[in-house]
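K.L.:
Structure provided below as structure tokens; questions to follow.
The values are calculated or read from the model by the stated rules, or taken from the named source; none is laboratory data. In this text, all values refer to a predicted model and were calculated from it rather than measured experimentally. Note: ideal-geometry Cβ built from the backbone for every residue, glycine included; neighbour counts use all protein chains shown. SASA here: full protein model, heavy atoms, side chains in, ligands and nucleic acids out. Shrake-Rupley method; radii C 1.70, N 1.55, O 1.52, S 1.80 Å.
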Amino acid sequence: MRRIRPKRIFSLVVKGLLTLLPLAITLYAVIWLASTLEVVCRKLLIFLLPNFWYFPGMGLMTAIALLVLVGLVMNLYGMRYLVGWGNRLVQKIPLISSVYSAISDIITVFNIGKNSELSAVVSVDSGNGFRQIGFVTGENAGERLFPGQNRVGVYLPMSYQIGGFTMYVQREHLEPLDISIEEAMRIALTGGAQDESMLGKDQKTLEEAIP
């Protein structure tokens with residue numbers, strides 16, 4: 001019987017971990033979110049309804065129904081103004097405003113470009129032959145801040161962390177990219193490691209690195 005070396009066992013463990021970890025973390029996040037919604041809404045339901053009416057899963061169903069209701073209400077006339085007023089009010093509260101603004105900005109990145117003349121995802125010419133992936137965020141703001149210069153606000157994310165910076169770039173230095181916002185953000189945040197077109201090559205490199 002062939003003896004398996006400890007190094008080989010360790011490499012197999014690492015391969016298994018790298019394969020299962022993303023799926024495990026995703027499932028954990030989904031289960032945690034569902035459980036949290038169930039617990040929060042369960043307390044509300046028990047407060048409003050008799051205890052014998054409640055059954056497991058009712059809290060989660062109520063949370064989903066409330067989210068759908070909020071989505072419908074947001075389409076009503078005047079609601080966007082009220083939400084905007086509430087946002088401005090929260091942003092005046094010290095410390096809370098910083099956390100709220102950061103989360104709001106991250107969500108905004110995934111909703112940009114719907115009404116833009118440019119593609120939401122662009123390639124920014126940084127000079128010397130370098131190109132960066134960016135997201136068009138402020139066409140109107142660019143014209144207001146730099147009148148007559150034909151500049152567009154572009155958000156440039158940083159790899160392996162939630163953060164980045166905004167540049168106001170002239171349109172001629174932008175080139176639209178034919179990829180989705182989600183794919184572009186994944187490529188940018190992982191330093192290109194999750195580029196689907198390179199998946200086969202990355203797998204081969206991984207196997208060579210861990211014999």
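K.L.:
Give the range 163-185 a look and list any residue that's β-branched (V, I, T) and either closer than 28 Å to P147 by Cβ or at pLDDT 85 or above (or both), or say none.
P.N.:
T166, V169
K.L.:
Filter the range 49-60 down to the residues that are within 14 Å of S35 (Cβ to Cβ) and either touching a residue at least 24 places away in the same chain (Cβ under 8 Å) or part of a helix (DSSP H, G or I) (or both) and list them by number.
P.N.:
Listed by number, the residues that qualify are M58, G59, L60.
K.L.:
Further, regarding this structure: Would you confirm, using the coordinates I've provided, whether A34 is open to solvent by less than 100 Å² (accessible area, probe 1.4 Å), more than 25 Å from T190 (Cα to Cα) and assigned to a helix (DSSP H, G or I)?
P.N.:
yes
K.L.:
A follow-up question, please. Pick out, from the range 89-161, the strands (runs of 3 or more DSSP E) lying fully within it that include 1 or more residues that are open to solvent by 40 Å² or more (accessible area, probe 1.4 Å) and modelled with pLDDT under 80.
P.N.:
Result: 121-127, 130-138.
K.L.:
Quick test for you: out of G71, G16, G57, pick the one residue that is of a type outside the set (A, V, I, L, M, F, W, C), at pLDDT below 90, under 31 Å from the mean Cα position of the chain (by Cα) and at positive phi.
P.N.:
Working: G71 fails: at positive phi; G16 fails: at positive phi.
Being of a type outside the set (A, V, I, L, M, F, W, C), at pLDDT below 90, under 31 Å from the mean Cα position of the chain (by Cα) and at positive phi holds for just one of G71, G16, G57, which is G57.
K.L.:
Determine if the range 71-87 includes at least one residue that is within 27 Å of R186 (Cα to Cα), assigned to a helix (DSSP H, G or I) and either basic (K, R) or open to solvent by less than 100 Å² (accessible area, probe 1.4 Å) (or both).
P.N.:
yes
K.L.:
Out of all the residues in the range 9-47, which are in contact (Cβ under 8 Å) with a residue 24 or more places away in the chain and over 18 Å from M61 (Cβ atoms)? Please lay out each step first, then the result.
P.N.:
The first filter runs over the range 9-47 and keeps only residues in contact (Cβ under 8 Å) with a residue 24 or more places away in the chain, leaving 11, 14-15, 18, 34, 37-38, 41.
Within the range 9-47, S11, V14, K15, L18 qualify.
K.L.:
All but one of (1) open to solvent by less than 70 Å² (accessible area, probe 1.4 Å); (2) of a type in the set (S, T, Y); (3) not in a helix (DSSP H, G or I) hold for S11; which doesn't?
P.N.:
Going through the list (1) open to solvent by less than 70 Å² (accessible area, probe 1.4 Å); (2) of a type in the set (S, T, Y); (3) not in a helix (DSSP H, G or I), S11 breaks only (3).
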